[in-house]
Amino acid sequence: MKPHITFPKIRLRVRPYLALFILLPVIFIVALRFFPEPAKNLTVFDNNQQLYLQRCPNLSPVTYLAKEKTTGLPSPFTLLNWNIYKQRKPQWQEKLQEWAKDADLLTLQEVKYSPELTYFSETNNFYYLQNYAFKYRDYIYGVNTLSKQPALAVCGTRDSEPWIRVPKTALASSYALANSTDLLLLINLHGINFTFTAEPLSKQLQPYLELIKTHSGPIIFSGDFNSWSGQRLAAIEAPLLKSGFNEVLFAKDQRMTIFNRPLDHIYFRGLKVIKAESIATTASDHTPQRVTFALNKVTKKENN
């Protein structure tokens, strides 16, 4: 009679970095085929096709304010954050119109600068700032911040993915607030994604962490942070929490996740959340978040 031999069960766990290692060759081949043309210089442009080349953390005044007057953002005001997936999915335009109907600010990532997008901004009376990441088939892509009130100042950054070399961009812009001497600082970031460690993502965040040190008014830090690992999330969250930020939480959280971690986040300081929604959709590979904020305090302007 042969002895009965029991082999121990081996449980395989694919960690995020191991999965990334397996996927990198595929990603690299796709990137070569995609082969976008990066911008030669940091380039941020607006509705008037004016260019702003200031790199964060140095905010540069927006010159069209000489012609455009601002009454300031109201309190409360609403922000929509959404990675729009280069407008590839059906219904993106219809859904953007629906969700932005009552929004005062939009932070969009993976934006294809197209006639449809400019038409949306014009018909809804939005000012926009687009940070040029790369060009592909005659279209410019990058992050885009839209607002009902013109920006007072803007700066940006552009950082290339270490492996696939496709650039990622971010924007910081400031806005007047109605009946207040404070300014709102809004940061819109598309995080570096394909890396073994969180160091490139931390480096990408650094100019904005420097910028928030110099801003005394309310701040919103919004975007697609590609926070698919604990290490990457900690690189974002730890310095922001240390700087007095809170994260917007959702009662019904329908944000896109990878390895059970949401990629899209909204952090805030000097504000309070009135309402927060995470919205399910098939109009992008990411789902949007819509948040209504109010000022914690109002420093009223003096009447002249």
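Filter region 80-92 down to the residues that are within 20 Å of Tyr136 (Cβ to Cβ) and more than 16 Å from the chain's Cα centre (by Cα), then identify the one that is surrounded by the fewest Cβ atoms within 10 Å (Cβ to Cβ). Once the filter is applied, the top-ranked residue is Arg88. Within region 100-126, if we keep just the residues that are among the aromatic types (Phe, Trp, Tyr) and open to solvent by 10 Å² or more (accessible area, probe 1.4 Å), the residue that is farthest from Phe45 (Cα to Cα) turns out to be Tyr119. The residues in region 138-156 that are within 13 Å of Gln87 (Cβ to Cβ) and free of Cβ contacts under 8 Å to residues at least 24 places away in the same chain can be counted, and the count is 0.
For region 197-211, check the following and say yes or no: at least one residue is in a loop (DSSP other than H, G, I, E, B) and open to solvent by less than 60 Å² (accessible area, probe 1.4 Å). Lay out the reasoning, then the answer.
Here is the first cut: in region 197-211, the ones in a loop (DSSP other than H, G, I, E, B) are 197-198.
Of the ones still in play, those that are also open to solvent by less than 60 Å² (accessible area, probe 1.4 Å) are 198.
Yes, that holds for at least one residue.
State the number of residues belonging to region 271-283 that are small (Gly, Ala, Ser), part of a loop (DSSP other than H, G, I, E, B) and out of contact with any Asp or Glu (no Cβ under 8 Å at 6 or more places or on another chain). If you could, list the steps in order and put the result at the bottom.
Looking only at region 271-283, we keep the residues that are small (Gly, Ala, Ser), and these are 276, 278, 280, 283.
Checking which are part of a loop (DSSP other than H, G, I, E, B) leaves us with 280, 283.
Still in the running and out of contact with any Asp or Glu (no Cβ under 8 Å at 6 or more places or on another chain): 280.
Adding up the residues that qualify gives 1.
Whenever a residue of region 192-203 is more than 16 Å from Pro167 (Cα to Cα), its partners that are outside any helix (DSSP H, G or I) and among the polar types (S, T, N, Q), lying with C-beta atoms within less than 8 angstrom and at least six residues away or across chains, give the pairs Ala198/Ser229. Considering Arg232, Arg255, the condition of being open to solvent by less than 40 Å² (accessible area, probe 1.4 Å) and in a loop (DSSP other than H, G, I, E, B) is satisfied by Arg255 alone.
Taking region 235-252 as the search range and keeping residues that are open to solvent by 10 Å² or more (accessible area, probe 1.4 Å) and assigned to a loop (DSSP other than H, G, I, E, B), which one is nearest to Ser180 (Cα to Cα)?
So the first thing to find is which residues in region 235-252 are open to solvent by 10 Å² or more (accessible area, probe 1.4 Å), and the list is 235, 237-239, 241-244, 246-247, 249-252.
Right, trim to assigned to a loop (DSSP other than H, G, I, E, B) and you get 243-244, 249-252.
On the way: Ser243: 23, Gly244: 21, Leu249: 27, Phe250: 29, Ala251: 31, Lys252: 33 Å.
Applying the filter and picking the extreme gives Gly244.
Only one of the listed residues (Ala178, Ala172) is open to solvent by 10 Å² or more (accessible area, probe 1.4 Å), closer than 25 Å to Leu73 by Cα and touching a residue at least 24 places away in the same chain (Cβ under 8 Å). That residue is Ala178.
Within region 98-113, the set of residues being under 24 Å from Gly72 (Cα atoms) and touching a helix residue (DSSP H, G or I) at 6+ places or on another chain (Cβ under 9 Å) comprises Ala100, Leu106, Leu108. Considering only region 89-121, state which residues are free of Cβ contacts under 8 Å to residues at least 40 places away in the same chain and charged (D, E, K, R). Scanning region 89-121 gives Glu98, Lys101, Asp102, Lys112, Glu116.
Of the strands (runs of 3 or more DSSP E) lying entirely inside region 34-119, those carrying at least 1 residues that are charged (D, E, K, R) are 44-46, 105-113.
The values are calculated or read from the model by the stated rules, or taken from the named source; none is laboratory data. Just so it is clear, the model here is predicted, and its values are computed rather than measured. Glycine also receives a Cβ, built like all others from the backbone with ideal geometry; neighbour counts cover every protein chain displayed. What goes into the accessible areas is simple: the full protein's heavy atoms, side chains included, and nothing from ligands, DNA or RNA. Shrake-Rupley method; radii C 1.70, N 1.55, O 1.52, S 1.80 Å.
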